[in-house]
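Please read the structure below before turning to the comments.
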Amino acid sequence: MKIQSIRGVKDILPDEIWKWQHIESIAHKVYARYGFKEIRLPIFEDTRLFSRSIGETTDIVEKEMYTFQDRSGDSITLRPEGTASVVRAYVEHKMHTPPSILKMFYVGPMFRYERPQAGRLRQFNQIGVEAMGSPSPIVDVEVMTMLIEFFKELGLTNIKLQINSLGSQDCRPHYRNILKAEIEKYLDKLCPNCTNRYQRNPLRVLDCKVEQCGKIKQELPKLIDHLDLASAKHFSEVQFLLDSAGTSYSVNPNLVRGLDYYNSTAFEVTSENLGAQNAICGGGRYDTLVEELDGPSTPCFGFALGLERLVSLVPFENQKLLLKKPDIFIVCLGDKAKVVTFQIAHELRLKGLRVERDYEFGSMKSQMRKANKTQCRLTLILGENEIHSKKYVLKNMETGEQIECSAQDISIEIDKLLNSS
Ligand code: HAM
């Protein structure tokens with residue numbers, strides 16, 4: 001039986017990886033401008049970390065976690081997202097000492113047992129960003145602006161920033177009661193999942209993806225109309241700052257994130273070019289999570305973007321040069337050329353060149369075919385005659401031009417040719 005990759009899991013092949021590397025290098029560059037440093041976190045954690053932070057009644061915790069017992073019987077979960085781990089690390093390593101705001105980003109795979117479809121995987125990759133330690137709306141806007149700047153540097157067009165406010169602990173209980181009472185009017189029309197959980201967490205109904213609940217959702221009261229004074233002030237400052245940064249956005253009162261830890265500003269970036277799974281990125285404020293995980297009071301703001309979705313959107317046509325092709329391919333003909341080929345390849349690589357060669361010692365024709373396939377810029381031909389005369393042939397694969405050069409001039413000639421075009 002042929003073993004294949006698991007459903008909803010994808011390989012990233014060598015011919016595609018340059019796209020990922022390009023996106024990640026732009027992320028490093030743009031995020032550094034704003035003071036973000038990378039953090040690397042484990043991909044599995046104590047299950048309680050996720051159930052406590054993401055929320056017991058969320059889809060992720062109820063239905064989507066990859067949870068298993070390890071050999072000592074501990075319950076382990078493959079991380080479905082990165083924020084909980086960042087907060088765990090923040091508390092564990094007592095990172096809350098001054099300077100008061102800590103800015104971190106992470107890149108890596110996340111795991112959710114969702115129904116696979118275009119743009120939705122069971123193992124997917126995120127770039128996440130967390131700014132920890134300030135309640136200021138300036139942080140919200142700086143982070144969202146940084147994200148838009150990052151997307152622009154990648155050449156993304158047709159993206160939409162949508163924002164909402166999810167209020168604070170002060171207005172939520174009141175709103176929850178109003179919402180619950182309203183939901184009760186539609187109980188016979190809700191999906192079984194919502195019927196089960198609306199008592200414990202009525203806000204989840206607003207995030208339900210089932211069509212029948214989607215229609216009802218439009219009729220339900222909006223949190224944005226029930227904000228307390230402080231949340232309303234925060235939200236209007238966010239909008240004022242976004243306006244003054246020239247960042248376009250729309251307010252979407254139906255935007256409720258799929259994780260329970262959010263309060264105040266929540267946002268998503270969507271693209272029309274993605275199909276049904278149109279969210280490239282989501283995030284917002286989570287001012288109480290650090291405390292809930294036994295750390296000191298630390299207001300935070302962050303986001304995570306889906307790398308698979310982003311890779312599918314970036315216009316890479318203009319960036320083909322990023323695909324690292326060999327500088328030179330060495331064609332090796334005959335036994336005597338073997339050692340010299342080995343030595344020259346070694347020397348050129350030590351000089352920093354990307355060198356490819358043939359390992360099967362086929363005919364000139366078959367080796368030239370391989371050279372062509374690698375899209376190398378130059379080919380060096382080493383046959384018995386060349387070894388004997390110590391005169392090698394260098395071919396410029398772009399122009400077809402060939403020159404003869406002596407053994408000692410070889411790297412000078414290669415340099416000249418590589419730098420001439
Ligand atoms: P999230 O909205 O669950 O937020 O995920 C963020 C992004 O990850 C989504 O917008 C989407 O692009 C991508 N994504 C999610 N699930 C899948 C999937 N099954 N297949 C492919 N891509 C997917 C979070 O994860 C929060 N931790 C974000 C955050 C950070 N909030 C504050 N800080």
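Bear in mind that the values in this text are calculations on the coordinates, not laboratory data. Source: prediction; values computed, not measured. Note that each Cβ is placed from the backbone with ideal geometry, even for glycine, and that neighbours are counted across all protein chains shown.
At-a-glance table
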| item | result |
| --- | --- |
| Nearest 10 degrees, 0 to 90: helix 364-374 Cα axis against the chain principal axis | 30 degrees |
| Within a Gaussian network of the chain (alpha carbon springs, distance under 10 Å), most fluctuating of Asp140, Asp207, Asp294 | Asp294 |
| The chain - mean residue ellipticity at 222 nm from DSSP helices (-39,500 (n - 2.57) per run, n ≥ 4, rounded to 500) | -11000 deg cm²/dmol |
| Tyr34-Glu398 pseudo-label distance in nm [points 7 Å out on the Cα-to-Cβ vector] | 3.7 nm |
| Inter-centroid distance (Cα atoms) of region 88-126 relative to region 209-242, Å | 25 Å |
| Average Cα contact separation per residue, the chain, under 8 Å, 6 or more apart, as relative contact order % | 15 percent |
| Between region 330-387 and region 150-186, the alpha-carbon center distance in angstrom | 60 Å |
| Extension gain from Asp294 to Ser100, taking 0.36 nm per residue of separation minus the Cα-Cα distance | 68.1 nm |
| Choice from Arg79, Arg357, Arg197 with maximal GNM fluctuation in the chain (Cα, 10 Å cutoff) | Arg357 |
| Contact order relative to length of region 346-421, as percent, for alpha carbon pairs under 8 angstrom and 6 or more apart | 20 percent |
| Gain upon complete extension [Ser363, Ser25; 0.36 nm per residue less C-alpha separation] | 117.6 nm |
| Theoretical gain in end-to-end length, Glu62 to Glu317 [0.36 nm per residue, Cα-Cα removed] | 87.7 nm |
| For the chain, with +1 on Lys and Arg beta carbons and -1 on Asp and Glu, the positive-most of Ala27, Leu227, Gln239 along the dipole | Ala27 |
| Cβ-based net charge around Glu114, under 9 Å, with every Lys or Arg adding one and every Asp or Glu removing one | +3 |
| Where GluC sites (Glu not before Pro) fall in DSSP loop in region 55-142, at most 13 other Cβ within 10 Å | Glu56 |
| Extreme residue, positive dipole direction of the chain, given options Gly295, Leu313, Val205 (C-beta unit charges) | Leu313 |
| Rel. contact order, % - alpha carbon contacts under 8 angstrom, at least six apart, region 42-112 | 36 percent |
| Shape of the chain, Cα gyration tensor, a/c cut at 1.5 | prolate |
| Cα convex hull of region 57-176, projected area averaged across orientations, nm² | 11.2 nm² |
